[in-house]
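A.B. asks: Just passing along the structure, written as structure tokens.
The values are calculated or read from the model by the stated rules, or taken from the named source; none is laboratory data. Bear in mind that the values here come from a model prediction, so they are computed numbers and not experimental data. Every residue, glycine as well, gets a Cβ built from its backbone with ideal geometry; the counts of neighbours run over all protein chains shown. In case anyone asks, the SASA skips ligands and DNA or RNA and just uses the protein heavy atoms, side chains included. Shrake-Rupley method; radii C 1.70, N 1.55, O 1.52, S 1.80 Å.
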Amino acid sequence: MAQDTTTATPKIFVPEVIGVGEFASRLDLPVTKVIGELMRNGVMATINEQIDYDTAAVIGSDLGFEIEPEAAPEAEAPVAKAKLAEGEGEIRPPVVAVMGHVDHGKTSLLDAIRSAEVAHKEAGGITQHIGAYQVKRGERWITFLDTPGHEAFSALRQHGARMTDVAIIVVAADDGVKPQTKEAIRHAQEAGVQLVVAINKIDKEGADPQRVRTELTELGLQPEDWGGSTVTVEVSAKAGTGIEKLLDMVLLVADLEDLRARPTGPSEGVVIESHLDAGQGPVATVLVRHGQLRQGDYLVAGATYAKVRSLTDFRGKRITAADPGMPAMVTGFKAVPAFGFSYHTEANEKTAREAASASVRRDQAKSLGIKKIDASLLSDAISAGRVSELNVVVKADVQGSLESLLESLAKLRNDEVAVKVVASGVGDIAESDVTFARTAGALLIGFNVALSSSLKSLASRESVTVRQYRVIYELTDDLRDALSQMLAPEVIETELGDLEVLGVFKTTKAAVVCGGTLRSGRIEKGLKFRIKRGAEIIGAGTLNGLQKDKQEAREVFEGETCGMSVATANTIDLGDHLMFYSREERARSL
Ligand code: GDP
């Protein structure tokens, strides 16, 4: 029973994730009403789409309901199956993310590890960047997430405990601990993953590894060689020194965890990269956690599934099976699966399809696949009216670029104007995107995605502006310009003259004929003025006619006396001051 009728405000129980249609029926409201309310809050969701609990709570309370969390049923998550009994399974490779402050050498270190440990041993080296690679140290493999910095962060933030076992925190020895270093450490600690600090650039002049150790101690990370438990390794990504020791240390801290996997049987794991490939369709790199993923398997990831058409390893080599710890690129998906989703295999196509349509799991509520109110937009909604928003619908080629884009767009704002992403997704621009954009009055932005000519003409029929980009900064520059145009122009007023009224000759409804002496400045026909009586401004007007010595005059200078005809809705009295001014509007930029 979803409804509790004993309280004044109807109380509705909602699970972590709920379909829009189901939510409407629990509220006993027409679904269009719920969709409308979602839209007002910047969530474009159709009847068949899912929203998360927080969104349902906001929408529900807007509609006059009290929303309470429904007790979650025992999660039948594949992850639960992943739990191994004591002693069961075999040691699997640790999964490592490299994090740290910008320019401290994350990319260089990933390259150095890759080339030191793989390229010279494997003929042909590495040809593919699939989001992860493996190196062998002695008899043991280590898997590195080779993601752009930002993704490594969100991987840890959202999926840390499932995706990463060890975080290498890179600190440049000549620069020390920086804000992003602290953030990386915090994320790693929150995710409960093991840490190894790589003190990089020790080849550089000005390198001061001891200072880095002192700074780490100040953060509560006492280095091992100082009696603490934080492992630090001095390296130079450039010279290739210290890399082997670093790998040994990674294995050492990984052994503090019980990293075992079931080596055979149905496969489970995580999607670590995904994109739409022009030739191959939806492509994803998965990291196998348990079992063996084989060509021909039915793999379910969130709401989509694949009959695995091909498997490719990080060297670009076709493989027939991938074992635990291995990253592998998979083709054959029906749609692009989202980054961070767990996957598991099913026995056949029918069960895979069913699992995909039924698979809205608790942890997926946190992913982008489910429509939700962006928390940063909520505060906007509250202060609505103050901030003008530029609505955009964003489509990007891969999850990684989408996330970076959304992060950049969130920064495009000030107190008056902001970009508001009303919908976003991975994949080419579709008809529904154009429709959403039209409904929301939004600009449709494509990043590295295609727009078919039929959709192009649909967009132009629907008056939807579509912009396509390949470079993030071009996109942000354009949007910054657009926002600048939305900013109210800066108004600059200059005082031009102060005239004291010494005679009022005729007053009609809309005009006054009067005379006076210009106490300061210079005035001419057409200028606007304010009427100042005592200290107060009591009205305004425009100077229509000007006379000096009964002669038509173009201008009057300080100290001169003149007659005037002015347009004003106010009265003008003896002793009033007419304060003349000019007004200039200057465009502002964000
Ligand atoms: P990221 O932003 O953390 O990925 O940093 P990068 O790997 O792009 O490195 C930033 C800069 O530092 C580049 O110019 C690198 O060549 C340089 N760099 C990286 N590692 C080292 C190192 O060990 N020694 C020296 N001297 N320079 C390095």
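A.B. asks: Would you mind estimating how fast the chain diffuses translationally, via Stokes-Einstein at 25 °C and 0.890 mPa s with the Kirkwood radius over Cα pairs, in µm²/s? Let's see the in-between values first.
C.D. replies: On the way: Rh = 28.7 Å.
Value of D from the Cα-based Kirkwood radius: 86 µm²/s.
A.B. asks: Hey, if you drop one equal point scatterer on each alpha-carbon of the range 200-356 and run the Debye formula without solvent, what base-10 log of I(q)/I(0) do you get at q = 0.15 Å⁻¹?
C.D. replies: The Debye formula, applied to the Cα set alone, gives -0.82.
A.B. asks: Take the alpha-carbon centre of the range 252-310, take the same for the range 12-68, and report the distance between them in whole Å.
C.D. replies: 33 Å
A.B. asks: Could you work out how much longer the chain between residue 584 and residue 294 gets when fully extended? Use 0.36 nm per residue separation minus the Cα distance between them, nm to one decimal. The partial results should precede the final answer.
C.D. replies: Working: separation 290, 0.36 × 290 = 104.40 nm, distance 7.05 nm.
Between residue 584 and residue 294, full extension yields an extra 97.4 nm.
A.B. asks: With the full set of protein chains in place, find how many percent of the accessible area of the chain is carbon and sulfur; take the probe as 1.4 Å. Each step should come with its number before you reach the end.
C.D. replies: Details: 13490 of 27730 Å².
Carbon and sulfur: 49 percent of the exposed surface of the chain.
A.B. asks: Between residue 571 and residue 439, 0.36 nm times their residue separation minus their Cα-Cα distance comes to what? List each step's numbers first, then the result.
C.D. replies: Values: separation 132, 0.36 × 132 = 47.52 nm, distance 4.99 nm.
Taking 0.36 nm per residue and subtracting the Cα distance, the gain is 42.5 nm.
A.B. asks: With the crude spin-label approximation of a point 7 Å out along Cα→Cβ, what separation in nm comes out for residue 229 versus residue 252?
C.D. replies: Going by the 7 Å Cα→Cβ label model, 1.5 nm.
A.B. asks: Which of the GluC sites (Glu not before Pro) across the range 213-266 are loop residues per DSSP, with 16 or fewer other Cβ within 10 Å? Intermediate values should be presented prior to the final figure.
C.D. replies: Working: sites: 215, 218, 224, 234, 244, 257; in loops: 257.
Listed in order of number, the matching sites are 257.
A.B. asks: Taking the Cα centre of each part, how many Å lie between the range 455-469 and the range 170-216?
C.D. replies: If we compute the Cα centre of each part, the gap is 47 Å.
A.B. asks: Something else about it: Filter the cross-link list 201/245; 182/238; 334/395 down to pairs whose alpha-carbon distance in this structure exceeds 22 Å.
C.D. replies: 182/238
A.B. asks: Right, next: In nanometres, what is the gap between the two model label sites at residue 208 and residue 414, each 7 Å from Cα along Cα-to-Cβ?
C.D. replies: 3.8 nm
A.B. asks: Give me, ordered by chain and number, the residues 5 or more places off residue 465 or on other chains with an amide H under 5 Å from its own placed amide H.
C.D. replies: 444
A.B. asks: Only helical DSSP H runs with n ≥ 4 go in: add -39500 (n - 2.57) per run for the chain, normalise by residue count and round the 222 nm mean residue ellipticity to 500 deg cm²/dmol. Display every interim value, and only then the final one.
C.D. replies: Working: 15 runs with 157 residues, N = 590.
Result for the chain, helices only: -8000 deg cm²/dmol.
A.B. asks: Shifting gears a bit: Please return the longest range in the chain lying between exposed loop sites, taking trypsin sites (Lys or Arg not before Pro), DSSP loop only, at most 12 other beta-carbon atoms within 10 Å, and leaving the sites out. Write down the numbers at each step before the final one.
C.D. replies: Working: sites that count: 83, 121, 317, 386, 470, 509, 550, 554.
The longest uninterrupted stretch comes out as 122-316.
A.B. asks: Same structure, new question: Could you work out how much longer the chain between residue 468 and residue 554 gets when fully extended? Use 0.36 nm per residue separation minus the Cα distance between them, nm to one decimal.
C.D. replies: Details: separation 86, 0.36 × 86 = 30.96 nm, distance 5.44 nm.
The residue 468-residue 554 span can extend by a further 25.5 nm.
A.B. asks: Can you compute the modelled spin-label distance between residue 217 and residue 407, with each label point 7 Å from Cα toward Cβ, in nm?
C.D. replies: Going by the 7 Å Cα→Cβ label model, 3.2 nm.
A.B. asks: Under 19 Å Cα-Cα from residue 548, which aspartates and glutamates qualify once same-chain neighbours fewer than 8 residues away are excluded?
C.D. replies: Within the straight-line cut-off, residue 548 pairs with 498, 500, 524, 558, 560.
A.B. asks: Still on this model: Using the C-alpha atoms of the range 483-590, what convex hull volume per residue, in cubic angstrom, is computed? Let's see the in-between values first.
C.D. replies: Numbers: hull volume 12.2 nm³, N = 108.
It comes to 113 Å³ per residue, whole-number rounded.
A.B. asks: Based on the Cβ-Cβ distance of residue 317 and residue 278, what FRET efficiency does E = 1/(1 + (r/R0)^6) give at R0 = 22 Å, to the nearest 0.05? It would help to have the intermediate numbers written out before the result.
C.D. replies: Numbers: r = 22 Å, r/R0 = 1.00.
Efficiency, from the Cβ-Cβ distance: 0.50.
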